[in-house]
Amino acid sequence: MNVDPQATRSMHDLDHKLARRVFDECLRQLSLDEVPLKTGGDRDRIAGRLEGLIGPSGNDPETVLSAFLRNVAPAILACDTPRFMAFVSCVPSKTSILFDLMVSAFTLHGISWLEAAGPVAAENQALRVLADAAGLPAGAGGCFVSGGSSGNLSALLVARDIGVSRRGGRIARPKVAVTADAHSSVGKALHVLGMDPLPVPTRDHRLTGAALREALAREPERDDVVAVVATAGTTNGGLIDDLAGVAAVAGERGLWFHVDAAYGGAGLLAPSVRDLFDGVEQADSVVIDPHKWLFSPFDCAALLYRDPPAAKAVHTQRASYLDAIHDDDAGVWNPSDYAHHLTRRARGLPLWFGLAVHGTDSYRDAVENTLAMARYAADRVTGTDGLTLLCEPELSVVLFRRDGWGWDDYEQWSDRVLADQVAYVLPTEWDGEPVARLCFVHPETTKQLVDEVIATIAPPLD
Ligand SMILES: *Cc1c(COP(=O)(O)O)cnc(C)c1O
């Protein structure tokens, strides 16, 4: 087939005009004082609105942009507003968003030292900030992956291979100690990796060294347990496991100690809660998502190993077409050697730029502000008749009950509050009952907003 050179060139004719249009729209979006929450759009009709847009001959870019602005961009629940409290949100700083545009414009990848020494060195600088916050040794390191799920999978692969080899390679189904409060991605990772969970019952949703020891004592196949996953900031309750206690038992039993701090890891920067993380410095691997609570755009999770060479031995892909990147000279650092990925964009750079521009103190203050708002919300709940706080928040999740309410009541509340554009909130389950859950990660959350949301669920005064 003959390719018409004119046709490929005409793709570039669009560039200047389109660039101006795209930058204008980005600037308009970034200049909003508050991003509107929106409602997710009319989900049944979205596909129909896009029908016919892609065909052999293309469209005027203006037509496609306007389809995007009218039908695609508004059909979301915006996560970058303080009113989004239903899930752990993503609230990137403007600085990091702008730099994300640069990462795209410069086509920056971060696969290997050979191809991308600069971006990798900068990413490693940002990883170092997190490793220092966790108190990991100077040799610790890793890479940025797409999310906590990917980080957990990559870390647990290393845990499995090292654990099995230390036990002479004779384990058919290795096991990993977990609690019911571990994130769903941990169960998924075990499934992918052909491992089974060893469920550790907990008394108050918190994994302790004693609970782990008891579960191991009861387990007939305890020698097959190769790792333990502790959570530093559970997704449902925002609680931090007893990391020091778990680390001690992991040390005694030769278990890989993985800390899933995907959501909570930002708290390492906050002096008011830092001591709750004691023991994290003993982790073999840690995952922290800057796209959750460290003001970075999607999709960015830091995966750190205490002993990077051990991880590298498991993850490095060997092939003749990759030989050139595997130069084992000191100083060579290939992010592709530390997770199950190969090609990756330099997704740690927006965090690096934000840290370098604003300084770590401003990250500390932003995290402290959300912690303060969660404590304020808990106080408001405690001070309101008919509402019951279910546990003191350790991080930025507040769980409470409207006395007498069932699932339907909470769901109607969620729908009503969204329809009124006050907030996006969802119920969850806690100790077998439906409860209200508010999750704060936006540093510009205000007391007025907290009051406004509590007022939507507080019983009327009689
Ligand atoms: C969100 C979360 C994950 C998953 O992270 P993704 O970035 O969504 O893949 C894992 N663990 C915990 C504790 C989380 O809160």
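The values are calculated or read from the model by the stated rules, or taken from the named source; none is laboratory data. Only a predicted model underlies this, so the values are computations on that prediction, with no experimental measurement involved. Note: ideal-geometry Cβ built from the backbone for every residue, glycine included; neighbour counts use all protein chains shown. Ligands, DNA and RNA are excluded from the accessible area calculation, which covers all protein heavy atoms including side chains. Shrake-Rupley method; radii C 1.70, N 1.55, O 1.52, S 1.80 Å.
Structure notes:
- Rg over Rh, two decimals, the chain (C-alpha only, Kirkwood Rh): 1.00
- Among the GluC sites (Glu not before Pro) found in segment 46-119, those both in a DSSP coil and sparsely packed, with 12 or fewer other Cβ atoms within 10 Å of their Cβ, are E51.
- Proximal lysines relative to K312, as straight alpha-carbon distance under 30 Å, when same-chain residues fewer than 8 apart are discounted: K175, K188, K292
- On the basis of the beta-carbon distance and an R0 of 41 Å, D278 and T388 show a calculated FRET efficiency of 0.85.
- Taking all protein chains into account, the per residue accessible area for the chain stands at 47 Å² (1.4 Å probe).
- Distance between segment 192-261 and segment 86-143 - C-alpha centres, whole angstrom: 29 Å
- Over segment 361-455, the ratio between the Cα radius of gyration and 2.2 N^0.38 Å evaluates to 1.07.
- Neighbour-limited loop hits for chymotrypsin sites (Phe, Trp or Tyr not before Pro), segment 47-106 (at most 11 other Cβ within 10 Å; DSSP other than H, G, I, E, B): F106
- Distance between modelled label sites at D323 and V64, nm, 7 Å Cα→Cβ extension: 4.1 nm
- Spin-label proximity, D15 to segment 87-106 - amide N less than 14 Å from point 7 Å beyond Cα toward beta carbon: 105-106
- Nonpolar atom fraction for the chain, defined as the carbon and sulfur part of the 1.4 Å probe accessible area, stands at 54 percent.
- When the charge dipole of segment 361-455 is built from unit charges on Cβ atoms (+1 for Lys and Arg, -1 for Asp and Glu) and taken about the Cα centre, the candidate among P427, T382, Y410 whose Cα reaches farthest toward its positive end is T382.
- For segment 100-358, alpha-carbon Rg over 2.2 N^0.38 Å: 0.98
- Based on the Kirkwood approach, the hydrodynamic radius assigned to segment 114-175 is 13.9 Å, with every pair of different Cα atoms included.
- A simple rule links phi to the HN-Hα coupling: the Karplus curve 6.51 cos²θ - 1.76 cosθ + 1.60 with θ = phi - 60°, which for segment 232-240 gives 10, x, 5, 5, 6, x, x, 9, 10 Hz, with x for Gly and Pro.
- The length gained by stretching the chain between A73 and V192 to full extension, at 0.36 nm per residue less their Cα-Cα distance, is 39.5 nm.
- Averaging over all projection directions, the Cα-based convex hull of segment 281-385 occupies 9.9 nm² in the image plane.
- The region of the chain that goes longest without hitting one of the trypsin sites (Lys or Arg not before Pro) in a DSSP loop, each with at most 13 other Cβ atoms within 10 Å, is 319-462.
- Farthest toward positive dipole pole in the chain [+1 Lys/Arg, -1 Asp/Glu at C-beta], among G279, N124, S89: N124
- The HN-Hα couplings worked out from phi for segment 282-294 by the Karplus form 6.51 cos²θ - 1.76 cosθ + 1.60 (θ = phi - 60°) are 9, 5, 7, 8, 9, 10, 9, 9, x, 6, 9, 9, 10 Hz, whole numbers, x standing for Gly and Pro.
- Net charge contributed by nearby residues that have their C-beta within less than 15 Å of D327 (K/R +1, D/E -1): -3
- Label-to-label distance for V35 and Q421 is 1.6 nm, based on points extended 7 Å past Cα in the beta-carbon direction.
- Spatially, segment 350-402 and segment 410-431 are offset by 19 Å when compared through their Cα centroids.
- Chain lengthening between A47 and T360 when straightened (0.36 nm per residue, less Cα-Cα): 108.4 nm
- Cβ charges +1 (Lys, Arg) and -1 (Asp, Glu), total dipole of the chain, debye: 800 debye
- Rounded, prolate or oblate (a/c below 1.5 giving rounded, otherwise prolate when a/b exceeds b/c) for segment 227-320 by Cα gyration tensor: oblate
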